[in-house]
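Some notes on the structure that comes next.
Every number here is computed from the coordinates shown, using simple stated rules; none is lab data. Owing to the predicted nature of the structure, the values given are computational and were not obtained by experimental measurement. Here the Cβ positions follow ideal geometry from the backbone for every residue, glycine too, while neighbour counts run over all protein chains shown.
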Amino acid sequence: MTSDRDRLLDALKPPQPPPELRDRSLRAATDVLRRSPVPDRWTRIWESRPLRLAWAAAVAGLLVANTLIPTTPRPAPATAQGFSLHHLSQAAEDEIRAIATMPRLDLNARSLSGVVSAAAARTGAEETQSPNQKENA
C-alpha cells in the first residue's frame, strides 16, 4: 500500500528542466550584455544636432523680440475716458452683490404643478392637466 502511495506522489512532482536550458539562457544573456544599448527616443532627440540648433534659434529669437518690443506705459482706459476708477469699482461691486444676493423665500408660494392640479380639481376640466399628470391619474 505504501508503494502505491509513493508511486502516485512521485507522479505529481514537476518534470525536470531540459539540461541544455541553462547553457542556452546563459549564452543569450551574455549576447545581450555584449550588445550596445539602443538609445531611447529622448536621448536621440537630445543628441540630435539639428534639433538643438532649432531650439537655440527659437530661444535667441524670443530674446531678441523681448528686447525690441517697446514697453511704453499705457494710460488706464478708465481715466482716459473721464471716469473715475472708484466709480467703476463701486459699480462692479454693486453688480456682484446684486448677483450673489439670494432673494428671500416666500413661504406662501406654491409650485406651478400644485397650481395646475388645484385648478384641474376645482374645474374638473381635463384640458388643464399636463401630460405627466394625465399619465399619473
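Full extension from ALA28 to GLU93: what is 0.36 nm times the residue separation minus their Cα-Cα distance, to one decimal in nm? Before the final figure, lay out each step's value.
Details: separation 65, 0.36 × 65 = 23.40 nm, distance 7.57 nm.
Working it through step by step, the gained length comes to 15.8 nm.
With a cut-off of 12 Å between beta carbons, the residues surrounding ALA100 carry a summed charge of -2, where Lys and Arg count +1 and Asp and Glu -1.
Going from the fewest other Cβ atoms within 10 Å to the most, the residues VAL64, VAL38 appear in the order VAL38, VAL64.
Trypsin sites (Lys or Arg not before Pro), restricted to the range 1-40: which are DSSP loop and have at most 11 other Cβ atoms within 10 Å?
Working: sites: ARG5, ARG7, ARG22, ARG24, ARG27, ARG34, ARG35; in loops: ARG35.
Counting only loop positions with at most 11 other Cβ atoms within 10 Å, the trypsin sites (Lys or Arg not before Pro) in the range 1-40 are ARG35.
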